[in-house]
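Chemist: Here it is, the structure in full.
The values are calculated or read from the model by the stated rules, or taken from the named source; none is laboratory data. All values reported here derive from a predicted model rather than from experimental measurement. Here the Cβ positions follow ideal geometry from the backbone for every residue, glycine too, while neighbour counts run over all protein chains shown. With ligands, DNA and RNA removed, areas are computed over all heavy atoms of the protein, side chains included. Shrake-Rupley method; radii C 1.70, N 1.55, O 1.52, S 1.80 Å.
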Amino acid sequence: MMKRSMGNKAEVAFLELIKSGIWDKEPDVSFFEGLDASEWMVIWEAVHDQAVTGICYAAVERLPKAFRPPRQLFFSWMAEAQAIQGYNLKIRSVWTEVNTSLEQAGVYPIVMKGIGIALLYPQPLLRMTGDLDLYIPDSYDKALVCLNRWGEIKFDHNRSHQHDMIYIRDILVELHYPHNSNPSSLQNRKCELVKKEGVLYRVPEARENAIMLLKHAAKHLFNGGIGLRHLCDWVLFVKQYPELNYASIMEELRKEGMARFVRVFTAVGFEYIGIDSANLPAFWSLNFYDRLFFKRLLWFSIRKLGNFGQKKRKKRKFTIWKKGNSFSLQILRERIYWYGNILKEIFILYPFSPKQARKKLKLFFTSLNTAFKERFLH
């Protein structure tokens, strides 16, 4: 969990900040009445763990001064929000430059995730963004020739990551191409044109985008962890596209063993991020076991792991070590601890996406076998 335990009062206030930020509404000040400096520090840690610093700042800025965090913390928050906005302006500038160049060469890239999903937010520049993901539906070789003018492209020769990479003005641009081996990739050329603040974006068509978002979230659940930012992305998407045929999307994902994950992930969004759950469609309704166990388990995983496992990356102090233990024994104990944690995660999260769990289990034993050979057979 977090360095400081998140009490119910701080957690409720934190969730109110998120709801205010993503739904563009005034925060309910009663949730912030009487919060002391230590409770604000707990919230401050949470917004970083969950990668929602900018989203929550939009809400904090709306609070009356008497209900805001301590002055020093408030200005630190403001500075980070401004840095997020500056980075997002830069990444949008890179998109405009790259898109213009590719269009002139007859190539039409599609923005995946990141700045494309940020368009759903009331203030897109406040959503934290990592790199620029571009899907090149055709003429991939022509796109590579065009992009060479910005520098060297790092090719994924063994196709293990299903994308090539290039840095443009210190922004990582991932170039995705059509293939069938990556479950979270786009597979067609359909797209929508969205214009926001004078910039034109080419984003995946809604159905394809929904499937990609859900598969991407499930993938991160098994590879480091997902945060509330993923949940915010999904609930905003559902709000933006209420007429989409989600039943057919659910049926398609059911074939890949993801039905429970989609149901529970959506239900958690309904409950904690503020979508009206009164008219929850039948195909998203939870059965008894989903409500009793799996919804709580997923919410716990989101809170515990944070965005990309940031909260999980804390070093554990091995107090069981005794004076005189060899360095090799200490390393062995540490590896046993981490391997045990990985196995525990796999089996706990297995019900949400059996296919992803089996894939991670296979990679785990491959890694274990490689480590054994390197240690004992060389």
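Chemist: Applying the selection to segment 46-65, what residues are outside any helix (DSSP H, G or I) and under 20 Å from Lys304 (Cβ atoms)?
Modeler: Gln50, Ala51, Val52, listed by residue number.
Here's the yes/no breakdown for (1) in contact with a strand residue (DSSP E or B) (Cβ under 8 Å, 6 or more places away or on another chain); (2) surrounded by fewer than 21 Cβ atoms within 10 Å (Cβ to Cβ); (3) closer than 30 Å to Asp49 by Cα; (4) without any contact (Cβ under 8 Å) to a residue 12 or more places away in the chain:
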residue: Gln85; (1), (2), (3), (4): no, yes, yes, no
residue: Ala105; (1), (2), (3), (4): no, yes, no, no
residue: Gly116; (1), (2), (3), (4): yes, no, yes, no
residue: Pro122; (1), (2), (3), (4): no, yes, yes, no
residue: Arg127; (1), (2), (3), (4): no, no, yes, no
residue: Gly130; (1), (2), (3), (4): yes, yes, yes, no
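Chemist: Which residue out of Arg149, Arg159 is modelled with pLDDT under 90 and either acidic (Asp, Glu) or not in a loop (DSSP other than H, G, I, E, B) (or both)?
Modeler: The unique qualifying residue is Arg149.
Chemist: I'd like to check something: does segment 146-160 contain any residue that is within 22 Å of the chain's Cα centre (by Cα) and farther than 23 Å from Leu17 by Cα?
Modeler: Step one: filter segment 146-160 for residues within 22 Å of the chain's Cα centre (by Cα), giving 160.
From the residues that got through so far, the ones that are farther than 23 Å from Leu17 by Cα too are 160.
The answer is yes; a qualifying residue exists.
Chemist: Considering (1) under 30 Å from Trp23 (Cα atoms); (2) at pLDDT 90 or above, say which one Lys113 fails and leave the rest.
Modeler: Unmet condition: (2).
Chemist: Right, here's the next one. Are any of the residues in segment 23-34 over 16 Å from Met78 (Cβ atoms), among the hydroxyl-bearing types (Ser, Thr, Tyr) and assigned to a helix (DSSP H, G or I)?
Modeler: yes
Chemist: Within the bounds of segment 131-143, is there any residue that is among the aliphatic types (A, V, I, L, M), within 30 Å of Trp77 (Cβ to Cβ) and in contact with a Lys or Arg (Cβ under 7 Å, 6 or more places away or on another chain)?
Modeler: Scanning segment 131-143, I find no residue that is among the aliphatic types (A, V, I, L, M), within 30 Å of Trp77 (Cβ to Cβ) and in contact with a Lys or Arg (Cβ under 7 Å, 6 or more places away or on another chain), so the answer is no.
Chemist: Further question: If you scan segment 82-127, which residues turn out to be among the small types (Gly, Ala, Ser) and not in a helix (DSSP H, G or I)?
Modeler: Result: Ala105, Gly106.
Chemist: Consider Leu228 against the criteria (1) at pLDDT below 85; (2) closer than 24 Å to Thr53 by Cβ; (3) open to solvent by less than 20 Å² (accessible area, probe 1.4 Å): it satisfies all of them except one. Which criterion is unmet?
Modeler: For Leu228, the failing item is (1).
Chemist: Moving on. Please go through segment 232-266 and give me each residue that is of a type in the set (Ser, Thr, Tyr), in a helix (DSSP H, G or I) and either surrounded by fewer than 22 Cβ atoms within 10 Å (Cβ to Cβ) or touching a residue at least 60 places away in the same chain (Cβ under 8 Å) (or both), ordered by number.
Modeler: Step one: filter segment 232-266 for residues of a type in the set (Ser, Thr, Tyr), giving 241, 246, 248, 266.
Narrowing the set further to residues that are in a helix (DSSP H, G or I) leaves 246, 248, 266.
Answer for segment 232-266, where residues must be of a type in the set (Ser, Thr, Tyr), in a helix (DSSP H, G or I) and either surrounded by fewer than 22 Cβ atoms within 10 Å (Cβ to Cβ) or touching a residue at least 60 places away in the same chain (Cβ under 8 Å) (or both): Tyr246, Ser248.
Chemist: Given the structure, is Tyr272 open to solvent by 20 Å² or more (accessible area, probe 1.4 Å), of a type in the set (Ser, Thr, Tyr) and in contact (Cβ under 8 Å) with a residue 24 or more places away in the chain?
Modeler: Criteria met by Tyr272.
Chemist: Give the number of residues within segment 49-67 that are closer than 16 Å to Leu15 by Cα and open to solvent by 60 Å² or more (accessible area, probe 1.4 Å).
Modeler: So the answer is 2.
Chemist: Among the listed residues Ser30, Ser101, Ser76, Ser5, which satisfies the condition of being modelled with pLDDT under 90 and open to solvent by 10 Å² or more (accessible area, probe 1.4 Å)?
Modeler: Ser5
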